[in-house]
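Working notes, beginning with the structure itself.
Every read-out reported here was derived from the displayed coordinates using simple, explicitly stated rules and does not represent laboratory data. On a predicted model such as this, the values are computed, not experimentally measured, just so you know. Here the Cβ is made from the backbone with ideal geometry for all residues, glycine too, and neighbour counts use every protein chain on show.
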Amino acid sequence: MMTKKRIPLMLCILFCTASLAHSFLPSSWIPSGTASTNSATTAEFGQFVNQIDTMDVNARFNIGIISPEFSIDGFEFHLRNNPLHSNAAKANRRVPLPGADGPRPHLSSGPHRIHVAHHGSFISMDGLQNVELTRGTWELVWRDKSPAGLLICGFQLDKDAVRNAAMLQKGNLYLTFPVWRKKALEEKQAKKHAAELEYKEFETERNDQIQKLKDTPNLLEKAIHFREAVKAVERMDKTGFHLMINLPSKDEVFDVSADSNGDDGDGLKIVKTGTLWSKLTNSDFHSNDKQTLIGSVSLQ
């Protein structure tokens, strides 16, 4: 027989849900820890790079992990299909990249030039402060048969940017954005939508059973409603919706460009929000130097 003392504990278990947070943390898996060691084909890389060529980026840097401590606005970058020699990093003419200069360079499209059209700025107690980035370089990291890859942009910041107690420290800065094949993303978004509808149906059933459990004074009926609530929770889990929670929605991406035939059917989509991180030493990514998450980047 179920006792009244056990009811609050069981309700607690039902209400405890795990949430998934967006995490594009820079770590050694970019790209060395990926599940596949095969890269996208040369033809695919060529197609992807051609789509990103002439891409203009307007960006805001949000400094701070939990919430922005200050923001730097006004950055404007032009990504160009202008390959840079891999030795340029050693010659200190560009910043090292985690793909091209890491343990698995074949997963990278290779380094390409970024033209910084406009530097960023912010307001401090001393007035308008400019933030200048140099040696801009970008690459795509893409595994074979993967629906998505990473666009990584690297820059050098020669001077600390300080506002009150917050500081963007000088050194090598990196921006990382997930990039999706349009068709693959649309297919996964459709599956997520179907799973969400099913999830919400079972969630409503769970909530109804919990309310009935609370309302009835009969212990036997409480046990029955509790069992039905548990069944609903199991069905919620089986939808797989919780595994798709971080899949970007239509409002969270925008088109990079159309494909080579002028049709956007197999074009690329880039996620509007990426991570901002740093590697304070100038060594390449073969070393064990730690990368530090600084904040986020918002594409305007």
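Extension gain for the segment Arg80 to His115, taken as residue separation times 0.36 nm less the Cα-Cα distance, is 11.9 nm to one decimal. With only the Cα atoms considered, region 183-255 has a convex hull volume of 76 Å³ per residue. As a length-normalised measure over Cα pairs under 8 Å and 6 or more apart, the relative contact order of region 94-248 settles at 16 percent.
Would you please name the trypsin sites (Lys or Arg not before Pro) within region 80-157 that are DSSP coil residues with at most 13 other C-beta atoms within 10 Å of their C-beta? When the trypsin sites (Lys or Arg not before Pro) of region 80-157 are filtered for loop state and at most 13 Cβ neighbours within 10 Å, Lys90, Arg93, Lys145 remain.
Applying the Karplus relation 6.51 cos²θ - 1.76 cosθ + 1.60 with θ = phi - 60° to region 268-275 yields 3J(HN,Hα) values of 10, 10, 10, 6, 5, 10, x, 9 Hz, where x marks Gly and Pro. For Lys188, a cut-off of 23 angstrom between C-alpha atoms picks up these lysines, skipping any fewer than 8 places away in its own chain: Lys145, Lys200, Lys238, Lys250, Lys269, Lys272. Once the chain from Gln47 to Val162 is taken as fully extended at 0.36 nm per residue, the excess over their C-alpha distance is 37.4 nm. Evaluated over the Cα positions of region 58-130, the convex hull gives a direction-averaged projected area, one quarter of its surface, of 6.9 nm². Rounded to the nearest 0.05, the FRET efficiency derived from the C-beta distance between Asp255 and Gln211 at R0 = 30 Å is 0.10.
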